[in-house]
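What follows is a set of notes on a single structure, which appears directly below.
The values are calculated or read from the model by the stated rules, or taken from the named source; none is laboratory data. Just so we're clear, the structure is a prediction, and the values are computed from it rather than from any experiment. Cβ: placed from backbone, ideal geometry, glycine included. Neighbour counts: every protein chain shown.
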Amino acid sequence: MPHTVFCVKLQSQAEGLGFAPYPGELGKRIYANVSKAAWSQWLAHQTMLINENRLSPLDPKARKFLEDEMEKFLFGAGSSAPAGYVPPET
């Protein structure tokens, strides 16, 4: 049976993640406070950040940048798009 959380991003009760998606204390915090839907939104935003900023997940500076942006996106005021980013038309 999936657990439910009060999602800090969506501000509502929702289905939680099945496991901590990130190591350490931050992963535990995400597991306890972020829903599957909000995590999915972060993954899409993270992909955009990686692509637009041409980041390498192997680069420690890029990983630190993404971790900081993840905290902002999920727990803070939000992570903004890179300068000049134009979302694709649907």
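Laid out as a table, the results:
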item	result
Single residue of Ala32, Ala44 found to be modelled with pLDDT of 95 or more, surrounded by fewer than 19 Cβ atoms within 10 Å (Cβ to Cβ) and either not basic (Lys, Arg) or not in a helix (DSSP H, G or I) (or both)	Ala32
Hits in region 6-18 - residues which are among the hydrophobic types (A, V, I, L, M, F, W, C), surrounded by 15 or more Cβ atoms within 10 Å (Cβ to Cβ) and either free of Cβ contacts under 8 Å to residues at least 12 places away in the same chain or assigned to a loop (DSSP other than H, G, I, E, B) (or both)	Val8, Leu17
Subset tally (residues that are assigned to a loop (DSSP other than H, G, I, E, B) and closer than 21 Å to Leu26 by Cβ) for region 57-90	8
Tabulated pairs, region 19-39, first within 16 Å of Cys7 (Cβ to Cβ), second assigned to a loop (DSSP other than H, G, I, E, B) and of a type in the set (D, E, K, R), C-beta under 8 angstrom, 6+ apart or interchain	Val34/Lys9; Ser35/Lys9; Ala38/Lys9
First in region 71-89 and without any contact (Cβ under 8 Å) to a residue 24 or more places away in the chain, second anywhere and surrounded by 13 or more Cβ atoms within 10 Å (Cβ to Cβ), Cβ under 6 Å, 6 or more apart	Lys72/Ser79
